[in-house]
Amino acid sequence: MMLAVILVTPRPAWAHSTLRSSDPADGSTLSAPPTRISLVFGAAVWADYATVAVTRAGGGQIPADPPQVTDTTLSVAVRDVTPGDYHVAWRVVSADGHPINGEFSFAVAAPPATVATTAAPEPAVPPGGTTAPDTATTTPPRPTDPAPTPPATSEPAEGGGNGWIIGVIIAGLAVVGGAVLLIRRNRE
């Protein structure tokens, strides 16, 4: 009879804890570096025996704070996570005393490339306080626009003007024309 009582009496179920999820998730690619790695288990785990190691692809462990356990969640704060591939290895002791371990990977994407734009330099201001006209921004006249005419002035141009040159040319032509007429008359 005693054996029947022992076999029928319910006993507490001590099951091994299993990893339910992680943040970042296994195989995920993040757009920004994480500041914390979190592991959620199916049952409580011992904080005293928990370890989490995060390494860069190609080696080198990144700095991390000691693991913290709250209920079934183990988390660790991480620093100096840059774009690239990462591997997380963890080991915990479940509430029933059995050690369990596992690993997963994630990636951090590089930020999108930005196109550098260069602003046009500001024109230098001479000591007088005015700037030279900007010839690069002036629009040349269109072919259909009439050419601008200079304003009429009543003052003679500097150097006496060009009127005397025209007078000399006309007088020279008159002399040549008269000489040609005189030579023709003499031949007749």
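The values are calculated or read from the model by the stated rules, or taken from the named source; none is laboratory data. Values in this document were obtained by computation on a predicted structure and should not be read as measured data. Glycine also receives a Cβ, built like all others from the backbone with ideal geometry; neighbour counts cover every protein chain displayed. These accessible areas exclude ligands, DNA and RNA; they are computed on the full protein's heavy atoms, side chains included. Shrake-Rupley method; radii C 1.70, N 1.55, O 1.52, S 1.80 Å.
For the reader, a short list of remarks on this structure follows.
The rows are residues; the columns are (1) at pLDDT below 90; (2) in a strand (DSSP E or B); (3) open to solvent by less than 20 Å² (accessible area, probe 1.4 Å); (4) basic (Lys, Arg).
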site	(1), (2), (3), (4)
THR55	no, yes, no, no
GLY58	yes, no, no, no
ARG91	no, yes, no, yes
GLY97	yes, no, no, no
PHE104	no, yes, yes, no
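- Checked against (1) loosely packed, with under 11 Cβ neighbours inside 10 Å; (2) modelled with pLDDT of 90 or more; (3) not basic (Lys, Arg), ALA50 passes all but condition (1).
- Scanning the stretch 70-83 for residues being open to solvent by 30 Å² or more (accessible area, probe 1.4 Å) and in a strand (DSSP E or B) gives a total of 2.
- Search result, residues across the stretch 40-98 that are over 18 Å from PRO24 (Cβ atoms) and of a type in the set (D, E, K, R): ASP48, ASP71, ARG91, ASP96
- Complete set of residues in the stretch 62-96 that are touching a residue at least 40 places away in the same chain (Cβ under 8 Å) and of a type in the set (Gly, Ala, Ser): ALA77, SER94, ALA95
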